[in-house]
Amino acid sequence: MKRMHIALAIVGIIVLAWIADTYANGITAKATSEIKDKVMKFMHRWRHAGHGKNYQYAWKHMLNYTRMEGVLQYENGSYYLDGMKLYVGNDFFLDSIAKSDYDGDGEYEYVWQELNGLVGKEIIVNGVIRNDMLYVSHINGIWLRIPREMPDLIEMKGTLENINGSFYINDTLLIIKHGFSKSDIDGDGLLEKMYEELNGLVGKEITVDGFLNEKGFVVMHINGIWAR
């Protein structure tokens, strides 16, 4: 995404330079044509140099992922289509307001309500199959979410430490979200930045769950409280 911002910034610089030049020399049809050609040539080179390739691929090919048709079923807390289990998002996503009216009842409801409104109906879903589960990207051609597979969550328990501005449990670096917490995790009666919430727990034994990556432990919950 940063590359896209850089490209737009460069285009902006070209446009500003053109404005300065045309005000100094008078705006002409030729000047307008020249700046258009410069911008188009730059964007053409940027695209064909490979920049933006991933973004183009992601959106152009989203509907070309696995496509299934069938009657939506709900059993034991999970959604199925023709026996294939569907992953439609985590609990936090399901409890958020849907961006589209998937069940066509004229209301923007919680995602789980929209899905329940489709149970027993013939639908089309697109997504990616991983480990005998379809991670859904679209329902009836309407975008639902980027079909990311959630890794298995690991639980850790230990005393929270702040070492040089970073948080650790059992010598493992905790990767926390930036910005404000949605919950009062340290129980001090305030909604603070996540860094401050964790600072309020330093020296205490806490339980976190999440997953490991190459940098450390990505925290999803702290003492059972959503932390993303």
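Condition check ((1) in contact with a Ser or Thr (Cβ under 8 Å, 6 or more places away or on another chain); (2) touching a residue at least 24 places away in the same chain (Cβ under 8 Å); (3) within 21 Å of residue 220 (Cα to Cα); (4) not assigned by TED's automatic domain parsing to the domain that holds residue 204) across all residues:
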site	(1), (2), (3), (4)
110	yes, no, no, yes
116	no, yes, no, yes
126	yes, yes, no, yes
132	no, yes, no, yes
159	no, yes, yes, no
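I want to confirm something. Restricting to the range 167-190 and keeping residues that are exposed (fewer than 14 other Cβ atoms within 10 Å of the Cβ) and free of Cβ contacts under 8 Å to residues at least 12 places away in the same chain, which single residue is nearest to the chain's Cα centre (by Cα)? So, considering only residues that are exposed (fewer than 14 other Cβ atoms within 10 Å of the Cβ) and free of Cβ contacts under 8 Å to residues at least 12 places away in the same chain, the one nearest to the chain's Cα centre (by Cα) is 190. Residues in the range 191-217 that are touching a Lys or Arg at 6+ places or on another chain (Cβ under 9 Å) and either among the hydrophobic types (A, V, I, L, M, F, W, C) or not assigned by TED's automatic domain parsing to the domain that holds residue 174 (or both) were compared, and the one that is nearest to residue 152 (Cα to Cα) is 208.
With a requirement of 3 or more residues that are within 14 Å of residue 208 (Cβ to Cβ), the strands (runs of 3 or more DSSP E) lying completely within the range 115-194 that satisfy it span 154-159, 166-169, 172-175. You will find that of 116, 131, 140, 126, the residue that is of a type outside the set (A, V, I, L, M, F, W, C), on the phi > 0 side of the Ramachandran plot, more than 15 Å from the chain's Cα centre (by Cα) and surrounded by 13 or more Cβ atoms within 10 Å (Cβ to Cβ) is 140 and no other. Remark: residue 186 matches the filter, which requires a residue to be touching a helix residue (DSSP H, G or I) at 6+ places or on another chain (Cβ under 9 Å) and among the acidic types (Asp, Glu).
The values are calculated or read from the model by the stated rules, or taken from the named source; none is laboratory data. On a predicted model such as this, the values are computed, not experimentally measured, just so you know. Every residue, glycine among them, receives a Cβ derived from its backbone with ideal geometry; neighbour counts consider all protein chains shown.
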